[in-house]
Amino acid sequence: MACRLPLRVFLTSSSDVLTSPIPFQSEEALEVRVMVNEIAERRLNLRYKIHLPVHFRVSFRSETSRWRTSVTADISSTGVSFPCRQPLPIGAHVEMMIDWPARAGDMYPVQLHAGGYVVRRSATKAGVRITSHRFRVELEAAAPMGAIA
């Protein structure tokens, strides 16, 4: 007699367990171990390895840091990662201005203004989930970040 039991799939480099009911001729669950790459990709959106200048500042516990500069390591529609000199606190709000590679009308610089929060970090890199964004076209020459008027 066939019965429907869950199929447990264990990803060997991740703690994720995926379950799906399947017909099986036994009273025990069928376990299948699946080998995956060294690092299991859990992101839903494709990341593009593109290196763009990024200016960012961090707000954490009602304190806002000064603007810092880095270069993106990769970017997607919902997140960005970049190297940083100090580890950023998990959950901290990050405001970013990313110099976009395209120009408006082939002459005006475009910046992506984005906000989000730190979801991953290491000693030298931060991963930020983007929660808001807008593109800004600079119609006039702007002073460099940190310049005093």
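What follows draws every value from the coordinates through simple rules; no lab data is involved. Everything numeric in this text was worked out from a predicted model, so none of it was measured. Here the Cβ positions follow ideal geometry from the backbone for every residue, glycine too, while neighbour counts run over all protein chains shown.
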Exercise for the section: Collect residues whose amide H, placed 1.01 Å from N in the peptide plane, falls under 5 Å from the amide H of Ala92; neighbours closer than 5 in sequence don't count. Expected result: Val118
Completion exercise
Of the candidates Thr131, Tyr108, Val119, the farthest towards the positive dipole end of region 53-137 (Lys/Arg Cβ +1, Asp/Glu Cβ -1, centred on the Cα centre) is Val119
Practice task
Find how much the distance from Lys49 to Thr64 grows on full extension, using 0.36 nm per residue of separation minus their present alpha carbon separation; answer in nm with one decimal.
Solution key: 2.6 nm
Handout entry: Amide hydrogen neighbours beyond the local backbone of Cys84, cut-off 5 Å, H modeled
Key = Lys125, Ala126
